[in-house]
Amino acid sequence: MANHKSAIKRIRSNNAKRLRNKYQHKTVRNAIKVLRSSEDKKAAAEMLPKVTALIDKLAKRRVIHKNKAGNLISSLTIHVNSL
């Protein structure tokens, strides 16, 4: 257990940030799953910019790596265009 006041606060803040990142990452994964399972091209095309924005936001906050974000966006765009 931490002995310093600042270390105790750091533990609390890290836990809060971890939970927030976990929630946001799970939300994006669910959005990606919905987009990939969509069969309607029009609905998927409407969803794509929203999901792309969520992925970019995760990369900006360093929850996921920027290259992973780029790969996800690329594969989702290819998927929507192939519908």
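A few remarks follow.
- For Ile64, the amide hydrogen comes within under 5 Å of the amide hydrogens of Ala59, counting only partners 5 or more places away or on other chains and with H modelled in the peptide plane.
- Trypsin sites (Lys or Arg not before Pro) within the chain, DSSP loop, no more than 10 other Cβ atoms inside 10 Å: Arg62
- Pairwise label distance in nanometres, Ala16 with Lys66, each label 7 Å out on the Cα-Cβ vector: 2.8 nm
- Cα-based Kirkwood hydrodynamic radius, the chain, one decimal, Å: 14.3 Å
- Taking every lysine pair in the chain that is 8 or more places apart or spans two chains, those with Cα atoms closer than 13 Å amount to 4.
- With a cut-off of 15 Å on the backbone N, the residues of segment 53-71 near the modelled label site 7 Å out from Val34 along Cα-Cβ are 53-55.
- Whole-number percent relative contact order across the chain, with pairs defined as alpha carbons under 8 Å at least 6 apart: 30 percent
Any read-out appearing in this document is the output of simple, stated calculations on the displayed coordinates, not a laboratory observation. Model, not experiment: these values are computed from the prediction. Every residue, glycine as well, gets a Cβ built from its backbone with ideal geometry; the counts of neighbours run over all protein chains shown.
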